[in-house]
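Here's a structure for you.
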C-alpha cells in the first residue's frame, strides 16, 4: 500500500507541473499592450540603427579627411 501511495504522490506532483506549464504556456498570445511595446521597441531599434549608420558614415568621412591631411603633411 505504501508503494501505491508514494507513486500516487509523484504522479500528482508531476501532473501539477504539467498542468501549470500548460496553463502558463497557452495564454492565448500576446496582449495588445505587449504588441504595442514590441512595435515601439522595433521603431526604437530602427532609429538607433539609423543613428549608428550616420555615425559610421561620419567616421569614414573624418578618417578620409585625416588621411588627406596626413598625406599633405608628409608631402
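How many times 2.2 N^0.38 Å is the alpha carbon radius of gyration of segment 34-75?
Numbers: Rg = 18.2 Å, N = 42, 2.2 N^0.38 = 9.1 Å.
That works out to 2.00 for segment 34-75.
Sort 13, 73 so that the residue with the fewest other Cβ atoms within 10 Å of its own Cβ comes first and the one with the most comes last. Before the final figure, lay out the partial values.
Details: 13 10, 73 7.
With the fewest neighbours first, 13, 73 line up as 73, 13.
Each reported figure results from applying straightforward, stated rules to the coordinates on display, with no laboratory input. What you are looking at is a predicted structure, and each value in this text was computed from that prediction instead of being measured. Note that each Cβ is placed from the backbone with ideal geometry, even for glycine, and that neighbours are counted across all protein chains shown.
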